[in-house]
Amino acid sequence: MADIIVIGAGLAGLVAAVEAADRGRHVTLVDQEGRQNLGAQAFWSLGGLFMVDTPEQRRMGIRDSRDLAMADWLGSAAFDRAEDAWPRRWAEAFVDFAAGDMRGWLHGMGMRWFPVVGWAERGGGFAGGHGNSVPRFHLTWGVGPGVIAPFVDRAMAHARDGRIDLRFRHRVTRLDMADGAVTGVAGDVLEEDDARRGASSTRAVTAPFAIATPNVVVASGGIGGNFDMVRRNWPRDRLGDPPASMLSGVPAHVDGRMIDTAAAAGAEVVNADRMWHYTEGVANYDPIWPHHGIRILPGPSSLWLDATGRRLPMPCLPGFDTMATLRAILATGHAHSWFVTTSTIAKKEFALSGSEQNPDLESKDWRMVLHDRLLNRRATPAVEAFKKRGADFVVADDLDGLIVGMVTKDEHVDPARVRAEVAARDSQMDNPFSKDGQVMAIHAMRNHRGDRFMRTARPHRLTDPRHGPMIAVRLHVLTRKSLGGLLTDLDGRCLGADGAPVPGLFACGEAAGFGGGGYHGWNALEGTFLGGCLFSGRRVGRSGAL
């Protein structure tokens, strides 16, 4: 019998397991994938962490505080349901953590951060609404692999000492219960598969298994790789019908199965209709998992058009308000949109999500970072590869050629509309006063040293040949995160429909909506997914109830 079984060897599960093992508890860590997938989704991430009032911020002249971060969080979350009581308490606890122990705890394990703090999700235009008032996106040196490394090392040390038992290719299909309390788990041992990390693996069963335990932690992730589940939970009242086609920002094993399994054992699932999907996805020319999409993390300067060529309304600017932009795109009746931009903008403002798209940052090679991002006359090698090989990219010497390429890829594009939108935008670029909200935002962002240095190109006309060739990018909806999940208290105990804990059942990470069944509310502030896995895994692993 194990003291604790943790289901899921991603970041949240690793943190919960090592923190519990540090307390002398014997932990069995099970995962349906193989050893090569240790760390799960977090491995593929850019490694961004939401932290508050840090030395990195202060060195950049950024004034931040716990109170400002909390106000931004609540304005973004827009909690509006009775079941948001626990999510709000988790949100408050997390912001305290992000402004308090978080950096020191991670720094003590050897984690470091890129010196330029990023400004993600800048908001919808109102001080009391969605968005970060200041830059808070701390990019981990080593990106996703750099985030999971300390916890993988700790788990391996505990495994050598016999405190953690690692069981890969074990898929849990049932929680065993007696008198309403957890007594163990049961499921299938899957056939070994040496598929590369992230690729789909076989589901052939070789044997059943059962393990007795009084404590189970569900850390199995969300639903982003399961399009059927995404569509079933889609918030139609807020966004309309789900898109007919989507790309996936997570591997297929992010299937949401354990959320339903825990619910069958009596755990309450809340806010299942809250989810976070990006609008800047492009098809990966070299896919690892099914429908593999990569997100462009844009700076503010690209012109954003809908499928017909009409400019998206405010506040739908690159990097500002993900949910408002998703709503605006889907309201057109199409599931895609377009960036129209220049090579100068792409070089400075296009970053690609995923550790595999950022080898300079993953390898922690400063010389490569300086060469690829500052000294090189072209965009990063990853962006250049997509320009050449990506099915969604059009590159042309002038606007006429660009429009021909766009129409070839997308019959919905109206050439006259594209020309008119580009002309209107360009007419404001030489006006130091400007009534164009995006142009004003570009000038404002360059007041931030980090943006001016790394992320915002000098303002210019899209048709200026000195900044060519021109580029158009067809953008798709990219599934990513569940914002709802298993309802938990601040110890991570799963709560039933009556609000009482289900004895012996815990949850953390995305399966628990990163805490409490959805501590983001309706909107995320970025860096809060990895941060939520770290925080909720630590809370559960250190809980006196476990």
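The values are calculated or read from the model by the stated rules, or taken from the named source; none is laboratory data. Computed from a predicted structure; not experimentally measured. Cβ: placed from backbone, ideal geometry, glycine included. Neighbour counts: every protein chain shown. These accessible areas exclude ligands, DNA and RNA; they are computed on the full protein's heavy atoms, side chains included. Shrake-Rupley method; radii C 1.70, N 1.55, O 1.52, S 1.80 Å.
For the Cα trace of the chain, dividing Rg by the Kirkwood Rh returns an Rg/Rh value of 0.97. When each full DSSP H helix of the chain is screened for a Cα extent of at least 24 Å along its own axis and an average Kyte-Doolittle hydropathy of at least -0.5, the helices passing are 143-160. In the range 428-546, the portion of solvent-accessible area held by carbon and sulfur atoms comes to 51 percent [1.4 Å probe, whole percent, DNA, RNA and ligands not counted]. Between residue 231 and residue 285, the contour length at 0.36 nm per residue exceeds the Cα-Cα span by 16.9 nm.
Pairs with C-alpha atoms separated by more than 18 Å, drawn from the list 347/481; 364/387; 387/409, are 347/481; 364/387. Protein heavy-atom accessible surface, 1.4 Å probe, per residue over the chain: 37 Å². The slack in the chain from residue 204 to residue 452, taken as 0.36 nm per residue of separation less the alpha-carbon distance, amounts to 84.0 nm. When only alpha carbons of the range 275-386 are considered, Rg and Dmax amount to 15.0, 46 Å. Summed over qualifying helices (DSSP H, 4 residues or more, each -39500 (n - 2.57)) and divided by its residue number, the chain shows a 222 nm mean residue ellipticity of -9000 deg cm²/dmol. To the nearest Å, what is the center-to-center distance of the range 356-405 and the range 41-114, using C-alpha atoms only? What the calculation gives is 30 Å, centre to centre. Placing unit charges on each Cβ (+1 for Lys and Arg, -1 for Asp and Glu) gives the range 166-263 a dipole about its Cα centre, and among 220, 182, 250 the Cα reaching farthest toward its positive end belongs to 250. With only Cα atoms counted, the range 205-253 has Rg and Dmax values of 16.2, 45 Å.
Remark: spin-label model distance residue 112-residue 65 equals 3.2 nm, labels positioned 7 Å along the Cα→Cβ axis. For the range 82-199, the carbon plus sulfur part of the accessible surface works out to 49%, probe radius 1.4 Å.
For the pair residue 153 and residue 500 in one chain, pulling the backbone fully straight at 0.36 nm per residue adds 121.3 nm over the alpha carbon distance. Farthest toward the dipole's positive end in the chain, which of 453, 312, 75, given Cβ charges of +1 (Lys, Arg) and -1 (Asp, Glu) about the Cα centre? The listed residue farthest towards the positive side: 453. Each principal axis of the range 420-546 carries a Cα extent, and these read 66, 30, 27 Å when sorted largest first.
How big is the dipole moment of the range 1-148 about its Cα centre under a simple scheme where the beta carbon of each Lys and Arg is +1, that of each Asp and Glu is -1, and everything else is neutral? Debye, nearest 20, please.
For this selection, approximately 400 debye.
Assuming charge only on the beta carbon of Lys and Arg (+1) and of Asp and Glu (-1), the dipole of the chain about its Cα centre is about 1380 debye to the nearest 20.
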